[in-house]
Amino acid sequence: MCGIVGYVGRTLDGTALDVVMEGLARLEYRGYDSAGVALVDGDHVETRKKSGKLANLTAELAAHPLPPSTTGIGHTRWATHGGPTDGNAHPHRGGKDGKLALIHNGIIENFHALKQGLLAAGVEFTSETDTEVVAHLLAASYDETHDLTDAMRSVVARLEGAFTLLVIHADQPGVVVGARRNSPLVVGLGEDANYLGSDVAAFIGHTRHAMELAQDQIVTITPDGATVINFDGTPAEGKAYEVTWDAAAAEKGGYATFMEKEINDQPHAVADTLLGRTDASGRLVLDELRISEEQLKAVDRITIVACGTAAYAGMTAKYAIEHWTRIPVEVALAHEFRYCDPIVNERTLVVSISQSGETMDTLMAVKHARDLGALTISICNTHGSTIPRESDAVLYTHAGPEIAVASTKAFLAQITASYILGLYLAQLRGGSFADDAQAVMKELAEVPGKIETLLGRMGRVKEIAKFMADTRSVLFLGRHVGYPVAMEGALKLKELAYIHAEGFAAGELKHGPIALIEPGQPVFVIVPSPTSEHGLHGKVVSNIQEIRARGARTLVIAEEGDESVVPFADEVISVPATSQLLAPLLTVVPLQVFALWLSTAKGLDVDQPRNLAKSVTVE
Ligand code: F6R
């Protein structure tokens, strides 16, 4: 939530404005309520800011151009304190002399008390934001210290809440100072230029050398380098790393939208997440976990914490991990976890799942779990992000950058990684499924090819979506691992097409939701393979008949060759055969494609749906 960019260069080639605007374009997925930039211009700081999408700021800059500069910051906002107006857009100025500008991601929880103090001292405010309070505090502190880093250090000591802050001052050109607590900030190290960003996408067009910051640290960048200190002033070192993807991976690559590109990236997301996780004999090797085998063998309970799509990946994983390991697995929405007095101890493994690695609700759940003594593993797609840093271990998904706000390829990669973890635990524990781990890994290796085949058949789904542009409600039914897939299908439709959509466990239908069925009601049904255990297939086929008898329009996702559904289906969408637990990696794909094209048919913004932002860094 909120995208932040900072830049300092030695020369005016490739001016600060160009670099900052390019960074904002790549970060716009993090929030699009407003955008703004500030540059050092001689003895003062110039700002331009505009509510709405980045395009509005671009138009403002065309109308009122900014001069070349070596030092700049930029912000895309997801509004928290104060509505999405020009006045509330960042950057915010501090002091009366127009020399300091600040941008912020997060929430300053004690801003009200701090603001009262400033008002009493005669400070005038031009916005309703918590950020402006910090800008004035920094200006006052700079007037005493005459050093932006010192000013930042004294001010962060007074702040409560979560924040990333970037500040510039006209009296210190060639310097950007950043600070972070529970909110993302990474450093990009270039030649004669250095960068700050909410994530590496901010500067990936310029450098792949990056540096992680730890919690409660301040970084000062100049054209010569980056200096890190802790909030208490002690020197610190950032952890340098190379970004493994390039600028092309963060572009649309010929597709009309990032979401379409990311759906089509899914074979790679799964294949890359599987890569390097087995040895020559096919045994799973997860050295990267850096948790001893003894500790993992002692685990007697697993709790998965996540939100939204990532939580549906967790629900899918529960079926698989319990089946393979016989360890009880609970899935908790991260924002509920802390408040339900969770039963967690040192033999509990808490697995967080997060694409961004910055979701505040998930981060807080992980911290709470650690405080209770649990072992914590993060399944995460973003190197250097906060949740892996705060966990005992991390298993990265390798989906590459996910830029569309609605998650697609990360979901498949999350299921894949959590299955790898489940199989690894089964292998360690040596139970009856230990020998199956290699066979399942082999089957998983065939999934990318099957997704590719499936993507090649999505023409009819696109047509159905276009035809259904006026639909007001869609239901989704599934059983077993098809149940989280049904909920994920409904979530995609809600967030992308603003259509009422609900996912149900098909068996629950007769306990109430079947009353929703009226003639013409579209219902997607995810049918398990005819080879599924416990006669599940037959039960779902019966569910289809029950809703068809009441007039539902049935859109049936079934294994290819499954003729038993044909008499009861208005549409059959065939997916390649795979075993029951792996099926979600295929059955969700038509639902993603459906939501994409229905949203497109309605003329909506597929990549940046209303009210949302990627990476929810507030609670
Ligand atoms: C839905 C979606 C969200 C995220 C959720 C968690 O399409 O993207 O529901 O899955 O906000 O985000 P991460 O995975 O970054 O923790």
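Reported count of residues in the range 292-309, each being open to solvent by less than 10 Å² (accessible area, probe 1.4 Å) and within 25 Å of the chain's Cα centre (by Cα), is 5.
A quick yes/no check of all residues on (1) farther than 26 Å from Leu491 by Cβ; (2) within 16 Å of the ligand (Cβ to nearest atom); (3) surrounded by fewer than 21 Cβ atoms within 10 Å (Cβ to Cβ):
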{"residue": "Leu275", "(1), (2), (3)": "yes, no, yes"}
{"residue": "Ala313", "(1), (2), (3)": "no, yes, no"}
{"residue": "Ala317", "(1), (2), (3)": "no, yes, no"}
{"residue": "His323", "(1), (2), (3)": "no, no, yes"}
{"residue": "Arg326", "(1), (2), (3)": "yes, no, yes"}
{"residue": "Tyr339", "(1), (2), (3)": "no, no, yes"}
{"residue": "Pro342", "(1), (2), (3)": "no, no, yes"}
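Scanning the range 471-485 for residues that are within 15 Å of the ligand (Cβ to nearest atom) and either surrounded by fewer than 24 Cβ atoms within 10 Å (Cβ to Cβ) or not β-branched (Val, Ile, Thr) (or both) yields Phe476, Pro484.
For the range 369-390: of the residues being within 14 Å of the ligand (Cβ to nearest atom) and in a helix (DSSP H, G or I), which is modelled with the lowest pLDDT? The residue in question is Thr386.
Evaluation of Leu289 against the conditions (1) within 16 Å of the ligand (Cβ to nearest atom); (2) of a type outside the set (Ser, Thr, Tyr); (3) surrounded by fewer than 19 Cβ atoms within 10 Å (Cβ to Cβ) shows that the sole unmet condition is (1).
Scanning the range 387-417 for residues that are in contact with a helix residue (DSSP H, G or I) (Cβ under 7 Å, 6 or more places away or on another chain), open to solvent by 20 Å² or more (accessible area, probe 1.4 Å) and among the acidic types (Asp, Glu) turns up just one, Glu390. Condition check for Pro67 on (1) within 25 Å of Gly188 (Cα to Cα); (2) crowded, with 18+ Cβ neighbours inside 10 Å: one failure, at (2).
Taking each residue of the range 363-392 that is without any contact (Cβ under 8 Å) to a residue 24 or more places away in the chain and looking for partners that are more than 14 Å from the ligand (Cβ to nearest atom) with beta-carbon atoms closer than 7 Å, six or more apart or interchain, yields Arg370/Thr376. Looking only at residues in the range 1-31 that are out of contact with any strand residue (DSSP E or B) (no Cβ under 6 Å at 6 or more places or on another chain) and of a type in the set (Ser, Thr, Tyr), the one that is farthest from Val616 (Cα to Cα) is Thr11.
Within the range 490-519, can you find the residues that are more than 16 Å from the ligand (Cβ to nearest atom) and of a type in the set (Lys, Arg)?
Of everything in the range 490-519, just one residue is more than 16 Å from the ligand (Cβ to nearest atom) and of a type in the set (Lys, Arg), namely Lys510.
Going through the range 594-619 one residue at a time, which ones are within 16 Å of the chain's Cα centre (by Cα), on the phi > 0 side of the Ramachandran plot and either touching a residue at least 40 places away in the same chain (Cβ under 8 Å) or away from the ligand (no atom under 14 Å from the Cβ) (or both)? Result: Ser615, single match. For first residues located in the range 144-157 and part of a loop (DSSP other than H, G, I, E, B), partners that are at pLDDT 95 or above and not polar (S, T, N, Q) and lie 6+ apart or on another chain with Cβ distances below 8 Å form the pairs His146/Asp171; Ala157/Phe231. Residues that are modelled with pLDDT of 95 or more number at least 2 in the following strands (runs of 3 or more DSSP E) confined to the range 213-332: 217-222, 225-230, 301-306. Considering the conditions (1) modelled with pLDDT of 95 or more; (2) part of a loop (DSSP other than H, G, I, E, B); (3) charged (D, E, K, R), Glu402 is excluded by exactly one of them, (1). Taking every residue in the range 544-558 that is open to solvent by 10 Å² or more (accessible area, probe 1.4 Å) and pairing it with any residue that is in a helix (DSSP H, G or I), at least 6 positions away or on another chain, the pairs with Cβ-Cβ distances below 8 Å are Gln545/Phe568; Glu546/Leu509; Glu546/Lys510; Glu546/Ile514; Arg548/Phe568; Arg550/Ile514.
Residue by residue, here is whether (1) among the aliphatic types (A, V, I, L, M); (2) closer than 19 Å to Gly459 by Cα holds:
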| position | (1), (2) |
| --- | --- |
| Ile544 | yes, no |
| Arg553 | no, no |
| Ala558 | yes, yes |
| Ser564 | no, no |
| Ala569 | yes, yes |
| Ile573 | yes, yes |
| Pro576 | no, yes |
| Ser579 | no, no |
| Leu586 | yes, yes |
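When Thr348 is tested against (1) under 23 Å from the mean Cα position of the chain (by Cα); (2) more than 16 Å from the ligand (Cβ to nearest atom); (3) under 30 Å from Arg181 (Cβ atoms); (4) modelled with pLDDT of 95 or more, just one condition goes unmet, and that condition is (1). Candidates in the range 31-71 are the residues that are part of a loop (DSSP other than H, G, I, E, B) and within 17 Å of Thr85 (Cβ to Cβ); of these, the one that is farthest from the chain's Cα centre (by Cα) is Gly52. With respect to being open to solvent by 10 Å² or more (accessible area, probe 1.4 Å), in contact with a strand residue (DSSP E or B) (Cβ under 6 Å, 6 or more places away or on another chain) and not hydroxyl-bearing (Ser, Thr, Tyr), Arg429 falls outside the description. Of the residues Val618, Val523, the single one that is surrounded by 15 or more Cβ atoms within 10 Å (Cβ to Cβ) and outside any loop (DSSP other than H, G, I, E, B) is Val523.
Within the range 79-105, being part of a loop (DSSP other than H, G, I, E, B), in contact with a helix residue (DSSP H, G or I) (Cβ under 7 Å, 6 or more places away or on another chain) and at negative phi holds for His81, His90.
Contact annotation: residue pairs with Cβ atoms under 6 Å, 6 or more positions apart or on different chains, pairing a residue in the range 305-333 that is free of Cβ contacts under 8 Å to residues at least 12 places away in the same chain with a partner that is β-branched (Val, Ile, Thr), are Glu322/Val329. If Gly456 satisfies every condition in (1) within 27 Å of Pro267 (Cα to Cα); (2) within 16 Å of the ligand (Cβ to nearest atom) but one, which is the exception? Result: Gly456 passes all but (2). Contact annotation: residue pairs with Cβ atoms under 7 Å, 6 or more positions apart or on different chains, pairing a residue in the range 430-448 that is without any contact (Cβ under 8 Å) to a residue 12 or more places away in the chain with a partner that is open to solvent by less than 60 Å² (accessible area, probe 1.4 Å), are Ala434/Ala426; Ala434/Gln427.
The values are calculated or read from the model by the stated rules, or taken from the named source; none is laboratory data. Everything numeric in this text was worked out from a predicted model, so none of it was measured. Please note: Cβ atoms are built from the backbone with ideal geometry, for glycine as well, and neighbour counts cover all protein chains shown. Just the protein is used for accessible areas: all its heavy atoms, side chains included, with ligands, DNA and RNA removed. Shrake-Rupley method; radii C 1.70, N 1.55, O 1.52, S 1.80 Å.
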